[in-house]
Amino acid sequence: MAEVRYEAASRVYPGSPPVRAVDGLNLSIEDGEFLVLVGPSGSGKSTALRMVAGLEDVDEGAIRIGDRDVTAVPPKGRDIAMVFQSYALYPHMTVAQNMGFALKLQGLSKQVISEKVAEAAKMLDLQELLERKPKALSGGQRQRVAMGRAIVRDPAVFLMDEPLSNLDAKLRVETRANIAGLQQRLGTTTIYVTHDQVEAMTMGHRVAVLKDGLLQQCDTPRALYDRPANAFVAGFMGSPSMNLRLAVVANTSLRIGELAVPLTRETVSAIGRHNLTEVTVGIRPESLALAAPGTPNGFDLDVELVEELGADALVHGSVVGEPESDRLVLRVDGRTPPALGQTARVVLRDATEIHLFHPETGERLI
Ligand SMILES: Nc1ncnc2c1ncn2[C@@H]1O[C@H](COP(=O)(O)OP(=O)(O)OP(=O)(O)O)[C@@H](O)[C@H]1O
Ligand SMILES: [Mg+2]
């Protein structure tokens, strides 16, 4: 087991212009931690993971595993095991042979290999399938074999790149719980890449958000959700996304249509320090609520789309009197959603449930 550290690590793909796929990454993953790397397509997640695996050059900075600088160590010498999106199982080998292959290469005895394979198969509920070939397995079973192959090696670090993306939605939910549980039991330091923020929130002890090769924020899922460091993280984490829009600062309040949101003294002074007359305000869909027509300190919303999800419903619409602004979305009780085309009265549940960002830099103000 080991800690993993990126020390100002960069990967720059040659070309004109060169691509800084991972740019000056500083990040420490603690011994035994489950860290999720998340970000949109092309943000550098796979590259960052492959740098730890030794499958990608480190052009600047260093990578450490435990107390070793592994920047120049080839993949074999790094004591890591990787699980890919395409499980890359050997088609001509049985499940047991696939799982034991790396151990065979290490020259372990048949006896030891079969013990380790049996132990991993038990953990992954693969005992009945050990003699099958991969083509006779379902997607979920193949995924478990790929996990098994990593587990038998008992590495210092697991590296996983979107290991669930070939599974259907239901199996993905089950399997993510299994992987998180397994990691907990084994206590092996794990870096897990996904573009799915729900996976990130549910699996990670901490989540690191990447954009354009740059680390935006690394924190617990709760902290990312409650205190996103910038408007990008705010919009990326959470589904549906946080509503983000410009709002005018009027003395000690913010205006969104007819709605005036009182600001704390600290917020007013933060806005003053930056000399702003407008800020980007972020409001989670669940921080807005429906209210009776004409309720004071609210705004009217033209309902343009209602998505009924069962327990709750998502209501999308534009603020009456602000036709130019982006649509808003709010999460309401699924039993009483407004109808399409109606005008709904909307209030803010709590004035403290807003997030304020600099309108140009996107940085959190307070
Ligand atoms: N071999 C390569 N040569 C040049 N550029 C590359 C190479 N591999 C990746 N890139 C570029 O580096 C950036 C990061 O790619 P990377 O594969 O790490 O992204 P990602 O976050 O894993 O995306 P996805 O979610 O689509 O898998 C992208 O702009 C990509 O086009
Ligand atoms: Mg990738």
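Contact annotation: residue pairs with Cβ atoms under 8 Å, 6 or more positions apart or on different chains, pairing a residue in the stretch 269-282 that is without any contact (Cβ under 8 Å) to a residue 40 or more places away in the chain with a partner that is surrounded by fewer than 18 Cβ atoms within 10 Å (Cβ to Cβ), are Thr277/Val248.
Could you tell me whether any residue of the stretch 134-152 is in a loop (DSSP other than H, G, I, E, B) and basic (Lys, Arg)? Checking the stretch 134-152: not a single residue is in a loop (DSSP other than H, G, I, E, B) and basic (Lys, Arg). Taken together, the residues in the stretch 220-232 that are in a strand (DSSP E or B) and under 11 Å from the mean Cα position of the chain (by Cα) amount to 0.
In this structure, is Glu128 surrounded by 14 or more Cβ atoms within 10 Å (Cβ to Cβ) and of a type in the set (D, E, K, R)?
Details: surrounded by 14 or more Cβ atoms within 10 Å (Cβ to Cβ): no; of a type in the set (D, E, K, R): yes.
So Glu128 does not fit the description; no.
Residue-level check: of (1) more than 23 Å from Val329 (Cβ to Cβ); (2) away from ligand 2 (no atom under 16 Å from the Cβ); (3) in the same structural domain as Val58 (by TED's automatic domain parsing); (4) in a strand (DSSP E or B), Gln216 misses just (1).
Of all residues in the stretch 298-317, none are closer than 24 Å to Asn251 by Cβ, out of contact with any strand residue (DSSP E or B) (no Cβ under 8 Å at 6 or more places or on another chain) and not in a strand (DSSP E or B). When the residues of the stretch 193-210 are filtered to those that are within 16 Å of ligand 1 (Cβ to nearest atom) and part of a strand (DSSP E or B), the one that is nearest to Ala234 (Cα to Cα) is Val209. All of (1) touching a His at 6+ places or on another chain (Cβ under 9 Å); (2) surrounded by fewer than 18 Cβ atoms within 10 Å (Cβ to Cβ); (3) touching a residue at least 40 places away in the same chain (Cβ under 8 Å) hold for Thr220 with one exception: (3).
When Ala289, Ala339 are checked against the criterion of being in a strand (DSSP E or B) and among the aliphatic types (A, V, I, L, M), a single residue qualifies: Ala289. Among the residues of the stretch 143-202, those that are on the phi > 0 side of the Ramachandran plot and in contact (Cβ under 8 Å) with a residue 60 or more places away in the chain comprise Glu162, Gly187. On the basis of being loosely packed, with under 13 Cβ neighbours inside 10 Å and either among the aliphatic types (A, V, I, L, M) or touching a residue at least 40 places away in the same chain (Cβ under 8 Å) (or both), does Gly294 make the cut? The answer is yes for Gly294.
Every test in (1) within 16 Å of ligand 2 (Cβ to nearest atom); (2) hydroxyl-bearing (Ser, Thr, Tyr); (3) within 23 Å of Leu186 (Cβ to Cβ); (4) out of contact with any helix residue (DSSP H, G or I) (no Cβ under 8 Å at 6 or more places or on another chain) is passed by Tyr87 save one, and that test is (4). Number of residues in the stretch 24-57 that are more than 16 Å from ligand 2 (Cβ to nearest atom) and charged (D, E, K, R): the value is 4.
The sole residue among Leu330, Leu305 that is modelled with pLDDT of 95 or more, within 25 Å of Val233 (Cβ to Cβ) and not polar (S, T, N, Q) is Leu330. Just one of the listed residues (Arg273, Arg284, Arg227) is assigned by TED's automatic domain parsing to the domain that holds Met201 and either on the phi < 0 side of the Ramachandran plot or touching a Cys at 6+ places or on another chain (Cβ under 7 Å) (or both), and it is Arg227.
The values are calculated or read from the model by the stated rules, or taken from the named source; none is laboratory data. Computed from a prediction, not measured in an experiment: that's the story for all the values here. So basically every Cβ, Gly included, is an ideal-geometry build from the backbone, and we count neighbours across all protein chains shown.
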